[in-house]
Amino acid sequence: KTANASFDGGQYSQSISEFERFVKDHSNHQDISQARVRLGMAKIWRDTERTSNYANALNTAQEVIKQIEDEPAFASDGSDEEGLSQARFELSSLLTTIAKGLAEQADSETDENLVNERIKQINEVLGLAANTKYVPQRFRQDNELNAVRETLARVEARQQRGADLAVAMTAIDEAIAA
């Protein structure tokens with residue numbers, strides 16, 4: 001109860017400790033699947049809220065999804081009329097937040113290597129958000145994800161222009177030297 005109250009109150013670090021203790025001490029409890037899912041979701045919430053380290057948030061989401069994707073409470077906890085879990089709804093929001101944060105960072109970054117890393121990460125999070133096992137279509141925040149895709153296309157075009165310019169400059173330098 002206290003783990004759920006901490007989670008519901010947005011005290012994710014505290015709820016993580018409480019859920020970890022519950023999972024360790026009550027491995028045969030009827031609510032163990034729900035506890036594992038909420039433990040994982042608390043980790044994603046902790047690493048996504050009030051942060052600018054979206055790369056870390058993505059890593060946490062990827063790890064947690066692997067841990068909870070086959071949990072019965074992740075697939076369905078009866079929290080909506082179709083039985084879909086609250087965790088899947090929350091995951092949609094969290095993945096969208098991560099994607100938007102990474103896209104903003106890629107758009108404002110000037111270091112080519114960091115931009116390329118962000119592009120890779122954006123594509124990873126978009127892949128997770130598009131997977132209906134994790135995010136059902138009706139939970140997907142398509143308008144916001146489309147805005148991320150537009151930013152991604154703009155950043156990729158900028159990267160390509162930079163690469164093309166570097167090739168052209170090399171050709172000019174070689175022509176001058178010849």
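The values are calculated or read from the model by the stated rules, or taken from the named source; none is laboratory data. Keep in mind the model is a prediction, meaning the values are calculated, not measured. So basically every Cβ, Gly included, is an ideal-geometry build from the backbone, and we count neighbours across all protein chains shown. Please note that ligands, DNA and RNA were not included when accessible areas were found on the heavy atoms of the full protein model with its side chains. Shrake-Rupley method; radii C 1.70, N 1.55, O 1.52, S 1.80 Å.
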- Task: Filter the stretch 138-157 down to residues that are at pLDDT below 90 and out of contact with any Leu (no Cβ under 9 Å at 6 or more places or on another chain), then give me how many there are.
- Result: 0
- Would you mind stating whether E63 is acidic (D, E), under 25 Å from R38 (Cβ atoms) and surrounded by fewer than 18 Cβ atoms within 10 Å (Cβ to Cβ)? yes
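May I ask you to list the residues in the stretch 83-127 that are within 16 Å of the chain's Cα centre (by Cα) and closer than 14 Å to M41 by Cβ?
Initially, the stretch 83-127 is screened for residues within 16 Å of the chain's Cα centre (by Cα), giving 87-106, 117-127.
Result: A87, R88, F89, E90, L91, S92, S93, L94, L95, T97, I98.
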- Taking the stretch 1-51 and keeping only residues that are aromatic (F, W, Y) and under 28 Å from A99 (Cβ atoms), one is left with F7, Y12, F19, W45
- Message: Being open to solvent by less than 70 Å² (accessible area, probe 1.4 Å), within 15 Å of I44 (Cα to Cα) and not polar (S, T, N, Q) is the filter here; which residues of the stretch 11-28 pass it?
- Response: Y12, I16, F19
- Consider S17 against the criteria (1) assigned to a helix (DSSP H, G or I); (2) in contact (Cβ under 8 Å) with a residue 12 or more places away in the chain; (3) more than 25 Å from K133 (Cβ to Cβ): it satisfies all of them except one. Which criterion is unmet? (2)
- Task: Looking for whichever is within 30 Å of D31 (Cα to Cα) and at pLDDT 90 or above here; the options are K100, K133. Which one fits?
- Result: K133
- Message: Quick check on the stretch 118-145: of everything there that is over 11 Å from A103 (Cα atoms) and touching a residue at least 60 places away in the same chain (Cβ under 8 Å), which residue is surrounded by the fewest Cβ atoms within 10 Å (Cβ to Cβ)?
- Response: K133
- T132 versus (1) more than 30 Å from V37 (Cα to Cα); (2) hydroxyl-bearing (S, T, Y); (3) in a loop (DSSP other than H, G, I, E, B): which is the lone unmet condition? (1)
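Would you mind finding the one in D111, D107 that is in contact with a helix residue (DSSP H, G or I) (Cβ under 8 Å, 6 or more places away or on another chain), acidic (D, E) and surrounded by fewer than 16 Cβ atoms within 10 Å (Cβ to Cβ)? Step through it out loud before you land on a result.
Working: D111 fails: in contact with a helix residue (DSSP H, G or I) (Cβ under 8 Å, 6 or more places away or on another chain).
Going through D111, D107 in turn, the sole match is D107.
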- Of the conditions (1) open to solvent by 30 Å² or more (accessible area, probe 1.4 Å); (2) assigned to a helix (DSSP H, G or I); (3) modelled with pLDDT of 90 or more, N4 fails just one. Which one is it? (3)
- Select from the stretch 157-178 the residues that are among the charged types (D, E, K, R) and open to solvent by less than 80 Å² (accessible area, probe 1.4 Å) and list them in ascending order. R158
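Against the condition touching a helix residue (DSSP H, G or I) at 6+ places or on another chain (Cβ under 7 Å), in contact (Cβ under 8 Å) with a residue 60 or more places away in the chain and either open to solvent by 70 Å² or more (accessible area, probe 1.4 Å) or not acidic (D, E) (or both), how does L58 come out, does it pass?
Details: touching a helix residue (DSSP H, G or I) at 6+ places or on another chain (Cβ under 7 Å): yes; in contact (Cβ under 8 Å) with a residue 60 or more places away in the chain: yes; either open to solvent by 70 Å² or more (accessible area, probe 1.4 Å) or not acidic (D, E) (or both): yes.
Here the answer is yes, as L58 does meet what is asked.
Okay, residues lined up against (1) closer than 28 Å to T51 by Cβ; (2) in contact with a Lys or Arg (Cβ under 6 Å, 6 or more places away or on another chain):
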{"residue": "V64", "(1), (2)": "yes, yes"}
{"residue": "E109", "(1), (2)": "yes, no"}
{"residue": "E112", "(1), (2)": "yes, no"}
{"residue": "N123", "(1), (2)": "yes, no"}
{"residue": "Q141", "(1), (2)": "yes, no"}
{"residue": "L165", "(1), (2)": "no, no"}
